[in-house]
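This report refers to the structure that appears directly beneath it.
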Amino acid sequence: MTAQDTRRPGGVNQFLNAIADAGLDALRAIRGARTTERDVGVLGEELLSTRGEASGTAVAREMVTYYRELDSEGRRRFFETLATDFDVDPARILAAAKAYGERSTLEARLALARAAEAPRQKLFRRIHTAPDGGAMLVRMREDLLKLLPENSALEAVDADLRYLLKVWFNRGFLALERIDWNTPAAILERLIRYESVHEVRGWDDLRRRLAADRRCFAFFHPALPGDPVIFVEVALVRDLADSIGPLLDRDGPVLEPSLADTAIFYSINNCHDGLRGITFGNFLIKQVVVELQHELPAIERFATLSPVPGFGRWLTGTLDRLAEPLVSDADLASLRELLAGPVTPATILPLEELIMRLAAHYLLNEKREQEPLDPVARFHLRNGARLERVNWLGDPSPRGLGDSFGIMVNYLYDPRSIEKNHEAYVSGQEVVAASRVTRLLPRELRG
């Protein structure tokens, strides 16, 4: 499927609807005089037992329609039924495991695999065959994730659905497409709605982000035609950008692209909460690097201008545990005074050296299970980027000051060292950082 195909939502669904329509007669013959209840248990069992392709597609379409019409309480019961009535049979698993232990044949191994697979996985696969089935499964998981905090019994349902979505939304099925001002308006409207890093304030704002010195690329998937899975916004500039303001200024000058020597990835947005935990960004960034190298050979650097979303929360929560050599008693007193009032560019200006030092420590030394505590750092370092620079007041907006005291970071994607950095990170959680970052720390903490 080409990128252009992803803009045609009707074709595949029309084909699947035709199959489902053709299966209605066969389905009526199977059901006979009885009327199938609108219930996940009954519909689910029928969907699992139906063998014909056309009749199976017809039942899958009924299941999609049924779920679409449920209210929030009905959807909770839907998932609870999947958790209980369509779960694995422990006795069957134990019997299959015993048989495999007695004779390690291919047949016994396959029987064990079938026993270990919950029937709801097959149910999800059948739903996937319906018109809009893939999109509905993404929506189902979005609904399911909202229920998990208060219902841990649904975690097994989420594990099964997440596994299948990882398979179906494999990189091989994603089509990269550049978004520009000629892209259909429906897609542009979605970009405005999905932008979660730097709000798009209307069409004039979006037009500037799609100007000659900007690029926007998105991954599309056949299951979500005309609807991006993830997109990245890029600014073509000279030198590393250290502040987000000029990149978002709708009235700023437009640079001739051939004069740019740096591509700045300044906003990456996952578009569907139902695909949370399924990684696309690493593939997207690396493929966009290749695209830009081909289009603009003069580009020498590929880097991000990234937020540090957890820094402010970390500093506020750990203030009482900070000590020499990272901070002095006088430093702590200054920080407490700062946090006692509103944080503004004026109030933090006297603390620039201190806050930069703490930001470097947070990025380099604060860990969560041996990985950086900061989620953005984990993402880019795992992808092979280098922590290149910490920028003072890179984002002086109220949100930027609240999240990170205005700090923003450049992560450098050097095509010559991406894979080396990636291996260093995944094998030993090594944070590859430029000396200008490590020098922000006291010598005793540089590692």
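Scan the range 422-431 for residues that are buried (at least 19 other Cβ atoms within 10 Å of the Cβ) and among the aliphatic types (A, V, I, L, M) and the total you get is 1.
Okay, residues lined up against (1) in contact (Cβ under 8 Å) with a residue 12 or more places away in the chain; (2) surrounded by fewer than 20 Cβ atoms within 10 Å (Cβ to Cβ); (3) over 30 Å from residue 301 (Cα atoms):
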position: 331; (1), (2), (3): yes, yes, yes
position: 343; (1), (2), (3): yes, yes, yes
position: 363; (1), (2), (3): yes, no, no
position: 366; (1), (2), (3): yes, yes, no
position: 378; (1), (2), (3): no, yes, no
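Looking only at residues of the range 93-108 that are among the hydroxyl-bearing types (Ser, Thr, Tyr) and not in a helix (DSSP H, G or I), we find that the one that is surrounded by the fewest Cβ atoms within 10 Å (Cβ to Cβ) is 104. Quick check: is even one residue across the range 241-256 in a strand (DSSP E or B) and in the same structural domain as residue 196 (by TED's automatic domain parsing)? No, the conditions are met nowhere in the range 241-256. Test residue 264 against the stated conditions and say whether it is under 11 Å from residue 236 (Cβ atoms), of a type in the set (Val, Ile, Thr) and surrounded by 19 or more Cβ atoms within 10 Å (Cβ to Cβ). Yes, satisfied.
Would it be correct to say that residue 115 is crowded, with 16+ Cβ neighbours inside 10 Å, assigned by TED's automatic domain parsing to the domain that holds residue 76 and not in a helix (DSSP H, G or I)? When the stated conditions are applied, residue 115 does not pass them. Scanning the range 420-437 for residues that are at pLDDT 95 or above and of a type outside the set (A, V, I, L, M, F, W, C) yields 435, 436.
In the range 194-224, the qualifying residues are those that are touching a residue at least 12 places away in the same chain (Cβ under 8 Å) and of a type in the set (Gly, Ala, Ser), and the one that is farthest from residue 303 (Cα to Cα) is 223.
Inside the range 161-193, can you point out the residues that are closer than 20 Å to residue 136 by Cβ, in contact (Cβ under 8 Å) with a residue 24 or more places away in the chain and under 18 Å from the mean Cα position of the chain (by Cα)? Once the filter is applied, which keeps residues that are closer than 20 Å to residue 136 by Cβ, in contact (Cβ under 8 Å) with a residue 24 or more places away in the chain and under 18 Å from the mean Cα position of the chain (by Cα), the range 161-193 yields 161, 162, 163, 164, 165, 166, 168, 169, 173, 174, 190. Being modelled with pLDDT under 95 and closer than 26 Å to residue 50 by Cα is true of residue 129. From the residues in the range 197-226 that are of a type in the set (D, E, K, R) and farther than 14 Å from residue 180 by Cβ, which one is surrounded by the fewest Cβ atoms within 10 Å (Cβ to Cβ)? So, considering only residues that are of a type in the set (D, E, K, R) and farther than 14 Å from residue 180 by Cβ, the one surrounded by the fewest Cβ atoms within 10 Å (Cβ to Cβ) is 204.
The set of residues from the range 33-53 being modelled with pLDDT of 80 or more and out of contact with any Leu (no Cβ under 8 Å at 6 or more places or on another chain) comprises 41, 42, 43, 45, 46, 49. Among the residues of the range 270-281, some residue qualifies, meaning at least one is assigned to a helix (DSSP H, G or I) and out of contact with any Asp or Glu (no Cβ under 9 Å at 6 or more places or on another chain). Of the numbered conditions (1) under 23 Å from the mean Cα position of the chain (by Cα); (2) buried (at least 19 other Cβ atoms within 10 Å of the Cβ); (3) farther than 23 Å from residue 318 by Cβ, residue 419 satisfies every one except a single condition; which is it? Going through the list (1) under 23 Å from the mean Cα position of the chain (by Cα); (2) buried (at least 19 other Cβ atoms within 10 Å of the Cβ); (3) farther than 23 Å from residue 318 by Cβ, residue 419 breaks only (2). Restricting attention to the range 383-406, the residues being under 23 Å from the mean Cα position of the chain (by Cα) and closer than 26 Å to residue 426 by Cα number 5. For the range 170-187, a residue qualifies if it is in a loop (DSSP other than H, G, I, E, B) and either of a type in the set (Ser, Thr, Tyr) or in contact with a strand residue (DSSP E or B) (Cβ under 9 Å, 6 or more places away or on another chain) (or both), and the qualifying residues are 174, 179, 180, 183. Going through (1) in contact with a helix residue (DSSP H, G or I) (Cβ under 8 Å, 6 or more places away or on another chain); (2) among the hydrophobic types (A, V, I, L, M, F, W, C); (3) within 19 Å of residue 187 (Cα to Cα); (4) at pLDDT below 95 one by one, residue 271 falls short only on (4). Taken together, 406, 428 contain a single residue that is of a type outside the set (Asp, Glu) and more than 16 Å from residue 243 (Cα to Cα), which is 428.
Select, from 149, 131, the only residue that is in contact (Cβ under 8 Å) with a residue 40 or more places away in the chain and either exposed (fewer than 14 other Cβ atoms within 10 Å of the Cβ) or not in a helix (DSSP H, G or I) (or both).
Just one listed residue meets the conditions, 131.
Taking the range 297-323 as the range and being within 24 Å of residue 171 (Cβ to Cβ) and in a loop (DSSP other than H, G, I, E, B) as the test, only 299 passes.
If only one of 108, 96, 83 is within 15 Å of residue 44 (Cα to Cα) and of a type in the set (Gly, Ala, Ser), which one is it?
Sole residue among the options that is within 15 Å of residue 44 (Cα to Cα) and of a type in the set (Gly, Ala, Ser): 83.
Restricting attention to the range 227-239, the residues being farther than 17 Å from residue 195 by Cβ and either touching a Gly at 6+ places or on another chain (Cβ under 8 Å) or surrounded by 17 or more Cβ atoms within 10 Å (Cβ to Cβ) (or both) number 2. Annotation for the range 55-77: at least one member residue is of a type in the set (A, V, I, L, M), at pLDDT below 90 and either more than 25 Å from residue 13 (Cβ to Cβ) or in the same structural domain as residue 149 (by TED's automatic domain parsing) (or both).
The values are calculated or read from the model by the stated rules, or taken from the named source; none is laboratory data. Given the structure is predicted, the values throughout are model-derived calculations rather than measurements. Here the Cβ is made from the backbone with ideal geometry for all residues, glycine too, and neighbour counts use every protein chain on show.
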